[in-house]
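The values are calculated or read from the model by the stated rules, or taken from the named source; none is laboratory data. Since this is a predicted model, take the numbers as computed values, not measurements. We place every Cβ from the backbone using ideal geometry, glycine too, and count neighbours over all the protein chains shown. With ligands, DNA and RNA removed, areas are computed over all heavy atoms of the protein, side chains included. Shrake-Rupley method; radii C 1.70, N 1.55, O 1.52, S 1.80 Å.
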Amino acid sequence: MGKRFSHSLDGAAAFRKRQKIAHEAPTSEDVHASRQLQQLLSFSQDPVRARHGLQSFKLFLDDLLNPDSDHADRPRILRDYLRSACPAPADDDENPKRQQELIARNLSADKGKAFIISPTLRMLKEAVSFDGGAIARPLFRARASMLKSLARNMGIVHIGDAAEDSKRPSARTNAILFFLSALKFLHAEAKKELLSQRDIVSALTRDVKQDPPYLVRELLEGLRSHVLLDDKLPREAKASLLNASTLTRLAALYHYRLDSQADDEQPSISDIAHRFLIVACTNPACGVLRQDSGFYPRGVDPNAAIPTAELDDLGLEAIVWMNKFKTEVPVRNYTLSNFLPNLRPWSSVKQSELITSIFKVAPELVANYFLTNKSFTFEPKLSATWIGYAAFLFNVVALSLPDHLCRATTGFPELPPPPSIVIDNILPPPLNQKTLTRSLTNKSNMISFFATRILVVAIEKLEEAIKMHQDASHSNKTVWAEAARRLVDEFCQRSPGIKEMINAYRSIPENDLLHREAASRLLRLCYEVLPQVALMAKFDVSPFLETALARLSKQELNDPRDFALNLKELENLLAIAGYSPGMRWLAASETLSLSPFTLLLKACVDAPHGVALETIRTVLNFVAVEQQLVPADDKHPGLLALLEALQLLRQSSPDSVTHLWPFLDNCLTRCANAPVKYVERMQELIQEASSGADQDLAGAVISPFTVAVLEQLPFVAAKEDGTATVKALGRFLPGFMGLSATAGESEPLLDLAFSKMVTHLSDSKGKLAKAGVPRNLQFQHNTSQPGRETKARKDRHTTARREELQTEPVLDEEALENTLHVPDGLEADNSALIKWSSKTVDELVDEGYLTALIALLASEHASIRKEALVNILKAAAKIKQSEYEEKEQIWLLLSELAETARDNINDGPLPSTIASFACHALNVLRDPLSNLYAKVNIFLTRGPVWSLDKLPLVDEVLSEDPGVGDAFYAQASWLLDYLTDGLRTPRDLELFHRKRAKGPVLERVLALAANPYMRAPLRSQVLRLLYRATRIQGGSTTLTTRFGIVNWLEARRAGCAGADAAAEAAVYAGLRRRIWETCDQDRVRAWSKGGLRDAVP
Amino acid sequence: MASPEKSEEEVATEFTSYYLQRATTEFAEDLDKVRAADDFKNDALQILVSALQQGTVLFSPDEQRRIVTAAARPEGKP
């Protein structure tokens, strides 16, 4: 067939020809008798006649199926015809045999007679798929005929430059479609036998890369569903199909050329082939992949019993196979081993992926692969092929080590694997010292970069392998240790030397951040994994560190990600610096304006937000403690105060920070160079501070660095060009000293030092001197204690609670006042005595003239009080005569108040509680809808005079039914307001803590706040009341000694869970601090037997 | 409010794109030479891209996140 159409028709001509045939409708005739049907269907060479007969039969059948048509005699005609066409019983054996022979003869017709072969194959395909494979089994029994010449027919391919036309399939196409149908419908046993026909299996894929796309798709899909993924088919059957040559031919589909590019919907042939091969080669059920033992080659026993004495004497030499596999590695996966060399991983990402996927599941193949494929070298060349090869090798090196090196889940074998095999997996043979060195030091940065990356993953893998060799579970530890040493030796023989690595790093252009990061990482790994080699090089990391720091400080990195990447490099260098002794952190250098330490500090301060600085902060703190810049105390947060102060300053005034660096660097280096000097200076300060105030400052501490600042300040102030620095210090020092205090340094010492500093700062108006060292500053940028980050400084003592308190947010004095201070509601305004008289009753009641008058009853001056009383009575009379709606109640209130006050205001002010109650009660009476209206009225009707010792309505609100629905909390809120306004003097306070039947009022108020259902605003009111108490002379002491307020606040603070409660917790903490500061500390200390001193920050 | 935490995949994707961007900047000259090489055909571009980006495995997910999120917050707001 192929030959008949081998002459090339142009597309238009072919189109026309097909059209012509399609339009030639065959003739037909009506069928009236079975005999006539017989004649019509008898074989004819004349196509016109044959088509005439078939068409007539078709119309006859169509009519038979038409329900509207009258076809009474047609079934009979059909039945008669079939009866006559049925072979005679005597032919039972003879007939099928004759047909089989006919088929066989057709199938083995001359190669040129595709026009006979193809229809026969098509017929067989239809037969085998008939009725869901109903006759597939008997057909297979006749396989001698059915499969006749199948392999040969699979070789009768379409010939021509153009792709095969799907409407004119070649004999090969038909043969393959028949074969695939057979695979689909045959049972497993038959399939197994079919697949064991080597010639057929071989012919199946021999010409696959020339097959049309649809056929390739069907072939791969058919083989995948009916062979690879058929669970019933035994592995051997699959293996007989998927031999190395089949795999190789299918791999040729990676470069399949006949794929139609236009169709984006479908995956490409090369993708389908890739997926097929991945499944075929990595799924053990597909028959190709065999279970291997990782790094132990075929034929060795990793658990061989070798006498301990022998192992002790001879070490690895006692194991006969240990050195056997340096040039050849026997494997179990011979199919894959034969297949892999046919792939070209350097020229195709997918092929590279296929090989590494196979290596992952059959690690024994790695060493085997590279030992048998020596032709390809890693000799550097800036070409796509070299890059492809480098990428492939990177992937191979990046493969993880097999479990327990032998792919067992249970544990390590008795003996280590041959070191040569392990090292072939870490640095495969193409990666030898020569090629790696030439790549690493190549003038092309990219080649050097690729080599660097490969070495990074290789060292990481070596580290992992060494760890496995050092596993505690090994019973033969000495041989494993020896094997590990060999690994290191072998690695060093294959890897470039540390000097080359250093040189390569040195020659990387300044701005190649990715490359620098990788190269610094490589050096760092050398120090970590191969310290003996790395340290031999006597590598001085300082210049590199200085360059990296200088680059960071130049601020040329616009992209914060670049900054973060640069920090990674810096971290690598810092790690190396940590390994190399003699790093000069605080020494001026010729190339740098600042010391490395100060530059590192600067990098930290200048870092964009979001950049993680933990590592660098840890290093800074470590160095600061080592160099005695800060107190070496576990509780001291190290350099944090300095860092925080600088960060705050940078936020508020970036220019100031710039002016500070040289001065700070000077102080830091001086401090590091003469630490003892500054400790002595601090002792002098302590003596000075102790002699001035009567304080015991033994054990008081401030940072030696602060002392150095104090010492150096006069010099910079005296300099002509020091103005900017002094100005900047004026902004910086208060914050720094304040934060030092927060960090736990001695406040008296800081005060003293600061007072000395101020004289040199530009403080003409004396603002700084007046403000002093600010107290209670908070760490905003550095919330975590760096001391907790370093293992060396872990606090093992019971100061955890105290530390926690220190790091807890604490509201400072100003914020606390803003939050809790309530203006004095009874503040005396003597003008109220006159103002009221000119006002209407409405104004009097509603606009506060009356309450102002009432407040004057609590005035310090007796005459005012008396005036107020007279005016209140007058006002009461005025109200009573008015048309004011609530005039009766208000008159009653004022009259009772006046009655209560009359006999008492001569001796002293009316208790604030009474005045306050009257004011707040007045507001209740103005509004008959108030939920307290009833309670206030009941109270007023109870009697004409109020007891001065009692706080009206406390019991009624706190202990009695609120009367109006759920008004309890609203009433409590009113009560707290009136109580707060009523707490102004020590005498008032006495009323709050006086013993009563239901306990002191203050105690009941504190209990109220412990109500878990109480909302935050109400809790705040309680805190306002407490805050008001702390403003009264002796208030804090009373709160502490009478009500255990410190513990109460601590319990409240501890109860604040979650982020939302953090602000509230800060209020509790701030209030607790204020109480400590405002109480009689000596008395409280004595009262608590010293216990409270520590509890309060 | 800070934007919600990025998922592992988002971080990996962003980091890969950053890594590629940096690599192509740093090795622009060499990449031009490779493109001019005789064997630069067929899958070569794909190989080149995949070769460059395979270096991302050197960075742990945490390191990738650190670098990617460095860009997430504007300066000046803690």
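Here are the numbers for this structure:
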read-out	value
Count of the range A:596-637 residues which are not in a helix (DSSP H, G or I) and not small (G, A, S)	14
Residue list for the range A:353-383, restricted to those being under 24 Å from B:V49 (Cα atoms), in a helix (DSSP H, G or I) and open to solvent by less than 10 Å² (accessible area, probe 1.4 Å)	A:L354, A:I355, A:I358, A:F359
A:L643 vs. criteria in a helix (DSSP H, G or I), closer than 21 Å to A:K756 by Cβ and among the aliphatic types (A, V, I, L, M)	no
Of all residues making up the range A:429-450, the number that are under 24 Å from B:F27 (Cβ atoms) and more than 12 Å from chain B (Cβ to nearest Cβ)	10
Tally, over the range A:410-430, of residues that are at pLDDT below 95 and of a type in the set (A, V, I, L, M, F, W, C)	2
Test for A:L61: is it surrounded by 15 or more Cβ atoms within 10 Å (Cβ to Cβ) and either under 60 Å from the mean Cα position of the chain (by Cα) or more than 30 Å from A:G155 (Cβ to Cβ) (or both)	no
Selection from the range A:403-459 of residues that are crowded, with 22+ Cβ neighbours inside 10 Å, aliphatic (A, V, I, L, M) and outside any helix (DSSP H, G or I)	A:L415, A:L427, A:L431
Output for the range B:20-30, where each listed residue is touching a Leu at 6+ places or on another chain (Cβ under 8 Å) and more than 7 Å from chain A (Cβ to nearest Cβ)	B:L20, B:T24
Scope the range A:978-1036; condition small (G, A, S), part of a helix (DSSP H, G or I) and either under 20 Å from A:V1046 (Cβ atoms) or at pLDDT 85 or above (or both); matching residues	A:A1007, A:A1009, A:S1020, A:A1029, A:G1035, A:S1036
Tally, over the range A:139-182, of residues that are closer than 11 Å to A:K125 by Cα, among the hydrophobic types (A, V, I, L, M, F, W, C) and open to solvent by less than 20 Å² (accessible area, probe 1.4 Å)	7
Selected residue (criterion: most open to solvent (accessible area, probe 1.4 Å)) from residues of the range A:38-49 that are modelled with pLDDT of 85 or more and over 21 Å from A:D80 (Cβ atoms)	A:R49
The range A:944-995: number of residues that are on the phi > 0 side of the Ramachandran plot and surrounded by fewer than 16 Cβ atoms within 10 Å (Cβ to Cβ)	2
Candidates A:A239, A:A318, filtered to the one that is modelled with pLDDT of 90 or more and either touching a Cys at 6+ places or on another chain (Cβ under 7 Å) or not β-branched (V, I, T) (or both)	A:A239
Breaking point among (1) more than 14 Å from chain B (Cβ to nearest Cβ); (2) surrounded by 19 or more Cβ atoms within 10 Å (Cβ to Cβ); (3) over 30 Å from A:S240 (Cα atoms), for A:E310	(2)
Residue list for the range A:733-778, restricted to those being open to solvent by less than 50 Å² (accessible area, probe 1.4 Å), at positive phi and within 38 Å of the chain's Cα centre (by Cα)	A:N776
Index of the failed condition, A:A537 passing every other in (1) within 12 Å of chain B (Cβ to nearest Cβ); (2) open to solvent by 10 Å² or more (accessible area, probe 1.4 Å); (3) closer than 26 Å to A:A465 by Cα	(1)
Residue in the range A:502-518 that is of a type in the set (V, I, T), part of a helix (DSSP H, G or I), open to solvent by less than 60 Å² (accessible area, probe 1.4 Å) and in contact (Cβ under 8 Å) with a residue 24 or more places away in the chain present	yes
Any hit, the range A:663-684, residues being assigned to a loop (DSSP other than H, G, I, E, B), more than 29 Å from the chain's Cα centre (by Cα) and at pLDDT below 90	yes
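Residue by residue, here is whether (1) of a type in the set (D, E); (2) closer than 16 Å to A:T282 by Cβ holds:
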site: A:K360; (1), (2): no, yes
site: A:P363; (1), (2): no, yes
site: A:T385; (1), (2): no, no
site: A:F392; (1), (2): no, no
site: A:N395; (1), (2): no, yes
site: A:D403; (1), (2): yes, no
site: A:L415; (1), (2): no, no
site: A:P418; (1), (2): no, no
site: A:P429; (1), (2): no, no
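Yes or no, residue by residue, for (1) modelled with pLDDT of 75 or more; (2) within 14 Å of chain B (Cβ to nearest Cβ); (3) assigned to a helix (DSSP H, G or I):
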position	(1), (2), (3)
A:R551	yes, no, yes
A:N558	no, yes, no
A:L567	yes, yes, yes
A:L574	yes, no, yes
A:P581	no, no, no
A:L586	yes, no, no
A:S593	yes, no, no
